[in-house]
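Structure first, commentary second.
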């Protein structure tokens, strides 16, 4: 059977009084997911390695675990993965980082974590015009995000400058990064985004076995593209982040299912409400996605619904909480509610998911 792997970014959450002591997933009206759940095993994934080998701020790298790779052994750097996803050619030893434009004051105290999305390409040109004593390349990717690469032979044991928190000062790092950040601050003086936050440092390309099925990934996020390329999946770029663009995924999904045995699809729209603490908006985005799935032919397919991590509205960040997960063998005329409190059929580490599916099939 064909396998459709649906990753709902940041899906899991906690219960809220304003939702009647339900999670956003439990509160949402999800007739499509509920019909899939009736013919399904519904359980929980434990994101083993998240918060230790994979920093909590780089939780999207946990997609590798969803695809069967133990990140505790691989220890992938998000900077390296995103650089590969952005299309840059790198070698072991190159220092790679993920970045985002931000706003800081004269003391480098963070006033705004994410900024400059509309000015990204112009800011990119300013940064790449900097004269620096180490060859480097910077590329803006999606919105406020970007990747930064220093060419040479570097350790990845360099302190990460980004504290990832409004009101905190940018941390001191190696002399090279400190010097570079100073030049960026000068180059972006007067801009609405006047700084470049740097994290996810790495200098080693992970060595992984190729994914065992003929597979493709539908996504536009550099981290997902990088992971797909590392494991040998075909990448089909589709728009993300804007709810109205969900419909644009329908035809690419249908075409991919006709050609590939395993189709991975990323849905970003549930993660952002979690980061902004918007509980009811997260409910709405889950319902929008469920409505979109109702337009797909899901019969005679294994449909997996899970996430790379939870993004909890109350905490406005990624967490290491168990991830609600469904392994469905197609929709039914009957329904079974899909939500955290109903996911009791299994509890396994994320990287064992595909092996578990093989066992229950």
Handout entry: Filter result (more than 21 Å from residue 358 (Cβ to Cβ) and surrounded by fewer than 22 Cβ atoms within 10 Å (Cβ to Cβ)) within segment 320-338
Key = 320, 321, 322, 332, 333, 334, 335, 336, 337
Exercise for the section: Would you list the strands (runs of 3 or more DSSP E) that sit entirely within segment 297-349 and hold 3 or more residues that are on the phi < 0 side of the Ramachandran plot, at pLDDT 95 or above and touching a strand residue (DSSP E or B) at 6+ places or on another chain (Cβ under 6 Å)? Expected result: 301-306, 310-312, 323-328
Completion exercise
Considering residues that are surrounded by fewer than 24 Cβ atoms within 10 Å (Cβ to Cβ), outside any helix (DSSP H, G or I) and in contact (Cβ under 8 Å) with a residue 40 or more places away in the chain, the number found within segment 50-68 is 3
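Counting only residues that are surrounded by 15 or more Cβ atoms within 10 Å (Cβ to Cβ) and under 23 Å from the mean Cα position of the chain (by Cα), how many does segment 339-355 have? Even if it seems obvious, please write down each step before you answer.
From segment 339-355, those surrounded by 15 or more Cβ atoms within 10 Å (Cβ to Cβ) are 339-340, 342-343, 346, 348-354; that's our starting set.
Going one step further and asking which of them are under 23 Å from the mean Cα position of the chain (by Cα), we end up with 339-340, 343, 348-354.
The total comes to 10.
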Exercise for the section: Return yes or no: is residue 287 without any contact (Cβ under 8 Å) to a residue 40 or more places away in the chain, assigned by TED's automatic domain parsing to the domain that holds residue 220 and assigned to a helix (DSSP H, G or I)? Expected result: no
Completion exercise
Selection over segment 171-194 where residues are closer than 16 Å to residue 115 by Cα, touching a residue at least 12 places away in the same chain (Cβ under 8 Å) and outside any helix (DSSP H, G or I) yields a count of 5
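The values are calculated or read from the model by the stated rules, or taken from the named source; none is laboratory data. All figures in this text were calculated on a predicted structure; none of them were measured in a lab. Cβ coordinates were reconstructed from backbone atoms using ideal geometry, including for glycine residues, and neighbour counts include every protein chain displayed.
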